[in-house]
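Every number in this text was worked out from the coordinates using simple rules, so none of it is lab data. Keep in mind that what you see is a predicted model, and the values were worked out from it rather than measured. Ideal geometry is used to build each Cβ from the backbone, glycine not excepted, and the neighbour counts take in all protein chains shown.
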Amino acid sequence: MLSKKRSLDGLPSHERLLSFTYGGRSFSQDIPRFEIPDHGIPPESAYRLIADELNLDGNPSLNLATFVTTWMEPEAERLIALTLNKNLVDQEEYPQTGVIQERVVNILARLFNAPSGEGGTGTSTVGSSEAIMLALLAHKTRWKRERKARGLPSDRPNIVASSGVHVVWEKFARYFEVDLKLLPMEGDRYTLSPQAVAEAVDERTICVGAILGSTYTGHLDPVEEIDLVLREIREKKGWDIPIHVDGASGGFVLPFLEPDLRWDFRLSQVRSINVSGHKYGLVYPGIGWLLFRDQEDLPEELVFKVNYLGGEESTYTLNFSRGSSMMLAQYYMLLRLGFEGYRRVHATSLSNARWLAKKISENGKFDLIGGADHLPIVSFGVWRDAGFSAVDFSEKLRERGWIVPAYTLPADLSDRTILRVVVKENFSRDMGNLLMSDIDRAISALVGKTPGRKRAHRAPRVC
Ligand SMILES: Cc1ncc(COP(=O)(O)O)c(C=O)c1O
């Protein structure tokens, strides 16, 4: 017989045994928000409390703002769960995880046409931000070493890039004391001008940054033309200025969709490339990759050797410990899809993005800025006489769950506010149609007309 005595949480113990999680004490009392509680709660209660609170977040599938993967197949998720307890840095203990990381570095080095056929030089990182910091640090160190060797001053190094760089470039400049010369966008040009690069570089330029594609609009910097300009400068002035390609999104798209486009290690000044595995590499956050053209592009003094995990290990990362799941999930994706699989997935996204760009430009309220020419990214502004602002429009769409960010462009176009849709694998044509009808509805609501859906759902009048 079940006892009728009351237990500590105030419930009779027979009820406690039978009660569902939602009948427990944790659900009828405040939970501590800023202090560790004195006592714990059952695992299912802790799980439900947090999972339910997170329902207030946006729906990742409708998050068209993020470049980051929001869907992976169940087998990938199983592999991720299987490897959550492995620290990637413990390569002595988990040697096979280390072997797999090397394999992916090699696969990417080949994908980016690195010249040394034998093995790529690179590492996995938390994302493109860490990869960019490590690449720029390598270029700074190398430049300093060469200047010192030639008896030249090695202070005031600089980087030349477009004002459309991601914030991590500015972080690097501030954290690592490098001047950042940002060349402005102007008119309808949202990318770096090779002529402006030629005028901006000098003997203190440690590298030129080229973005594939821009976080703001999705456009590609003209890497091949920049490479040509820098080769001419090398011949005329003797300055060997490397290019770092920020391929955060494009690095995992262009090799599959436009293999003949020359932006990678086929160009001699391209010495390092970053790519986010968690963007079009189709893996959940956080995984990024950094590749060097050659071993000599990574100065030896930056690679640390440690033996406190057992054997001797080399590390070139900003953080030491890190999960291995996403790195392993990257290998899963490469095996699972192969070249043809990546090509088909990205070709579908590109075709859906171009369809969306066409619909948006035909709508009459928007000014198309980036129409998914190379990457599945659509950016657009709102016409001045549209009767609503980009910010109002973004907020209106949010009411239906769609997350389409409105933001200002960088210098010299910072008076323009635009919107962007990043089309990802799980954005089908059907989703596109749903988005377009919600766009029409949002416009109707904003310009004060009765939204079409309400009319359609009105009950028939009985005469
Ligand atoms: C061009 C570019 N560079 C760098 C980054 C930073 O990448 P991560 O989020 O992988 O650190 C982004 C992110 O959107 C980006 O678009």
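Table for the structure above
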| item | result |
| --- | --- |
| Per-residue HN-Hα couplings for segment 235-242 [Karplus 6.51, -1.76, 1.60; θ = phi - 60°; Hz; x = Gly/Pro] | 5, 6, 10, x, 8, 9, 9, x |
| Fewest-first ranking of 412, 188, 227, using other Cβ atoms within 10 Å as the exposure measure | 188, 412, 227 |
| Distance between segment 77-97 and segment 244-267 - C-alpha centres, whole angstrom | 29 |
| 13 Å cut-off, amide nitrogen to a point 7 angstrom out along residue 77 Cα→Cβ, residues in segment 342-356 | none |
| Size of charge dipole - segment 78-334 - debye, nearest 20, with Cβ of Lys, Arg +1 and Asp, Glu -1, no other charges | 260 |
| Stokes-Einstein D (µm²/s) once Rh is taken as the Kirkwood radius of segment 78-334 over alpha-carbon pairs, at 4 °C in 1.567 mPa s | 70 |
| Sorted by Cβ neighbour density within 10 Å, fewest at the top, the residues 326, 133 | 133, 326 |
| Descending principal axes extents, segment 29-176, alpha-carbon based, whole Å | 70, 36, 35 |
| Calculated SAXS-style log₁₀ I(q)/I(0) at q = 0.13, 0.15, 0.18, 0.19 Å⁻¹ - segment 191-289, Debye, Cα scatterers | -0.45, -0.59, -0.81, -0.88 |
| Simple Cβ-charge dipole of the chain, Lys/Arg +1 and Asp/Glu -1, about Cα centre, in debye nearest 20 | 1540 |
| Principal axes of segment 125-241: Cα extent on each, largest first, Å | 43, 36, 20 |
| Pairwise Cα inverse-distance average, inverted: Kirkwood Rh of the chain (Å) | 25.0 |
| Under 14 Å, Cβ to Cβ, from residue 154 - net charge with Lys/Arg +1 and Asp/Glu -1 | +3 |
| Leading residue at positive end of dipole, the chain (Cβ point charges), from 120, 85, 132 | 85 |
| Alpha-carbon centroid distance for the pair segment 279-301 / segment 204-226, whole angstrom | 17 |
| Alpha-carbon Rg/Rh ratio, for segment 241-397, with Rh computed the Kirkwood way | 1.08 |
| Cβ-defined net charge surrounding residue 203, 10 Å radius [Lys, Arg +1; Asp, Glu -1] | +2 |
| Computed FRET value (nearest 0.05) for residue 305 with residue 107, which takes r as the C-beta separation and R₀ as 35 Å | 0.90 |
| At 0.692 mPa s and 37 °C, Stokes diffusion of segment 80-122 via Kirkwood alpha-carbon radius, µm² per second | 286 |
| Gain in span if fully extended, residue 55 to residue 31, counting 0.36 nm per residue against the direct Cα distance | 6.9 nm |
| Length released on extending from residue 141 to residue 411, taking residue separation times 0.36 nm less the Cα-Cα span | 94.3 nm |
| Rounded FRET efficiency, nearest 0.05, which uses the C-beta distance separating residue 428 from residue 22 and R0 of 35 Å | 0.50 |
| Under 15 Å from residue 396, Cα to Cα: aspartates and glutamates that are on another chain or at least 8 residues apart | 438, 440 |
